[in-house]
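Have a look at the structure below before the remarks.
The values are calculated or read from the model by the stated rules, or taken from the named source; none is laboratory data. Please read all numbers here as calculations on a predicted model, not as lab measurements. Note that each Cβ is placed from the backbone with ideal geometry, even for glycine, and that neighbours are counted across all protein chains shown. In case anyone asks, the SASA skips ligands and DNA or RNA and just uses the protein heavy atoms, side chains included. Shrake-Rupley method; radii C 1.70, N 1.55, O 1.52, S 1.80 Å.
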Amino acid sequence: MSDPYRGVLIGCGFFARNHMHGWADANGAAIVAVCDRERAKAEAFAADFGIARFYTDAAEMLAAETPDFADVATTVETHRPLVELCLGHGAATVCQKPFAETHADGKAMVDAAEAAGKPLIIHENFRWQRPFMALKERLEAGDIGAPTFARLAFRHGYDVYANQPYLAKTERFAIMDVGLHLFDVDRFLLGDVVDIHCRTQSIKPGIAGEDAFIATVRHESGVVASIECSFASKIAPDPFPQTLVWLEGTEGTLEVTGDYRLRLHRNGTVQERDVEPDVPAWGAAPWHAVQASVAAFEAHVVDVLAGRAAPQPSGAHNLTTLAMALAAYRSAETGSAVNINEFVAGGAL
Ligand SMILES: NC(=O)c1ccc[n+]([C@@H]2O[C@H](COP(=O)([O-])OP(=O)(O)OC[C@H]3O[C@@H](n4cnc5c(N)ncnc54)[C@H](O)[C@@H]3O)[C@@H](O)[C@H]2O)c1
């Protein structure tokens, strides 16, 4: 077997632990060094994962390690400078979502990747969750004929603020955090969107941004979708982190239930199968849907590095998903539907 691709990871925080386990599972990639601007974090993280070298400065690490790829696992405000730095060092670059806070920053990163001639891959792991992969396969197999309507619902009351305290302080929260994932899944399953209408809610006291939203989107194909998210729903058992799906077509309906059942309603009958992701050896329920999707995404990154696959999704693709999220805020402010192409062309981002 050829040598593994040599990678570095930037940002040794909460979610990067999943990245590291995923990289350890991925055949053909090895993280050789990690970096965090907080020395104690970088040192402890390197020790936990048996990584020989750690740094507090990303530029220093990239110069010393000359990696094949870099995995940017910091929060959004640092993405543009770090992604540009990594690409400038000739590394294929993986960037966590939200890719950027503004369209201009996202576009600059896409341009930097093009100039460097290196792939920019956005860590949109939701589309790599087993239920969504199964839905895509069944849609393409024609199980429901031509799709006409979809509902994606990510509603729960799990205390996300315990692991990610910054979420309580961010003024653009639910749409930029999970909305982006849902918009990416929507485009993955149903293609591009013409316009979006969105309403937001702030339910939990003390949260700076919106913690719930509902968006309706119209696709180029004519499919209409309702995309819902709430971090303030009292449900027992709590479905976190599952997305419930209802997908209607001219010949039938596909459904993903809260217990990971994929149901096909067709010809007056229901067929059901289990699409629950495996719990990785390093993982635990209820996080396994997320953890297994990180591992699947990172295995895909190795395929991209080897030239066997195109990025899913690329920075360029995710720029339109970001535009949907920004347009959703504009819609919530104005009360009107926002046409995505006109919104981008208007430069009002
Ligand atoms: N895809 C998913 O399912 C998922 C889930 C959770 C979080 N996330 C995303 O992952 C990203 C990280 O989230 P988190 O909760 O792990 O954040 P975190 O705050 O726990 O970790 C970020 C780390 O990056 C470090 N850092 C920041 N700037 C740096 C720099 N310039 N150089 C080196 N280190 C730097 C910080 O010190 C911190 O340790 C966010 O964008 C978040 O939205 C994605």
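With modelled with pLDDT of 95 or more, within 29 Å of CYS12 (Cβ to Cβ) and touching a strand residue (DSSP E or B) at 6+ places or on another chain (Cβ under 7 Å) as the only criterion, which of PHE149, PHE154 stands out?
Residue meeting the stated conditions: PHE154.
Please specify each residue of region 251-277 satisfying the condition of being free of Cβ contacts under 8 Å to residues at least 40 places away in the same chain and either part of a loop (DSSP other than H, G, I, E, B) or not charged (D, E, K, R) (or both).
THR257, GLY258, ASP259, HIS265, ASN267, GLY268, THR269, VAL270, GLN271
State the number of residues belonging to region 139-177 that are open to solvent by less than 20 Å² (accessible area, probe 1.4 Å), within 23 Å of GLY258 (Cα to Cα) and in a loop (DSSP other than H, G, I, E, B).
Selection size over region 139-177: 3.
Which of the residues spanning region 31-44 are more than 8 Å from the ligand (Cβ to nearest atom) and touching a helix residue (DSSP H, G or I) at 6+ places or on another chain (Cβ under 7 Å)?
Passing the criteria: ILE31, VAL32, ALA33, VAL34.
Which members of region 193-247 meet the condition of being surrounded by 19 or more Cβ atoms within 10 Å (Cβ to Cβ), farther than 21 Å from ASN318 by Cβ and among the polar types (S, T, N, Q)?
THR200, SER230, SER233, GLN242
Name the one entry in GLY50, GLY28, GLY11 that is on the phi > 0 side of the Ramachandran plot and near the ligand (Cβ under 9 Å from one of its atoms).
GLY11
Within region 13-20, is there a residue that is more than 21 Å from PHE297 (Cα to Cα), at pLDDT 95 or above and small (Gly, Ala, Ser)?
For region 13-20, residues more than 21 Å from PHE297 (Cα to Cα), at pLDDT 95 or above and small (Gly, Ala, Ser): absent.
Mind listing just one residue for me: the one in region 92-134 that is over 10 Å from the mean Cα position of the chain (by Cα) and β-branched (Val, Ile, Thr) and, of those, farthest from the ligand (Cβ to nearest atom)?
If we take residues in region 92-134 being over 10 Å from the mean Cα position of the chain (by Cα) and β-branched (Val, Ile, Thr), then VAL110 is farthest from the ligand (Cβ to nearest atom).
Would you be able to tell me the number of residues in region 252-264 that are of a type outside the set (Lys, Arg) and surrounded by fewer than 16 Cβ atoms within 10 Å (Cβ to Cβ)?
Adding up the residues that qualify gives 2.
Using beta carbons and a limit of 8 Å, which pairs, at least six apart or on different chains, have the first residue in region 328-349 and under 10 Å from CYS198 (Cβ atoms) and of a type outside the set (Asp, Glu) and the second one open to solvent by 60 Å² or more (accessible area, probe 1.4 Å) and at pLDDT below 95?
If the second residue must be open to solvent by 60 Å² or more (accessible area, probe 1.4 Å) and at pLDDT below 95, no pairs are left.
Does ALA215 fit the bill of being part of a loop (DSSP other than H, G, I, E, B) and assigned by TED's automatic domain parsing to the domain that holds GLY145?
no
Is there a residue in region 185-208 that is over 17 Å from the mean Cα position of the chain (by Cα) and under 26 Å from ALA73 (Cα atoms)?
Yes, region 185-208 has at least one match.
Can you report the number of residues in region 53-74 which are within 14 Å of the ligand (Cβ to nearest atom) and under 22 Å from the mean Cα position of the chain (by Cα)?
So the answer is 5.
Given the criterion surrounded by fewer than 19 Cβ atoms within 10 Å (Cβ to Cβ), of a type in the set (A, V, I, L, M, F, W, C) and farther than 30 Å from MET20 by Cα, identify the matching residue among ALA345, ALA328, ALA281, ALA310.
ALA345
Taking region 1-31 only, how many residues are more than 18 Å from the chain's Cα centre (by Cα) and in a helix (DSSP H, G or I)?
Selection size over region 1-31: 2.
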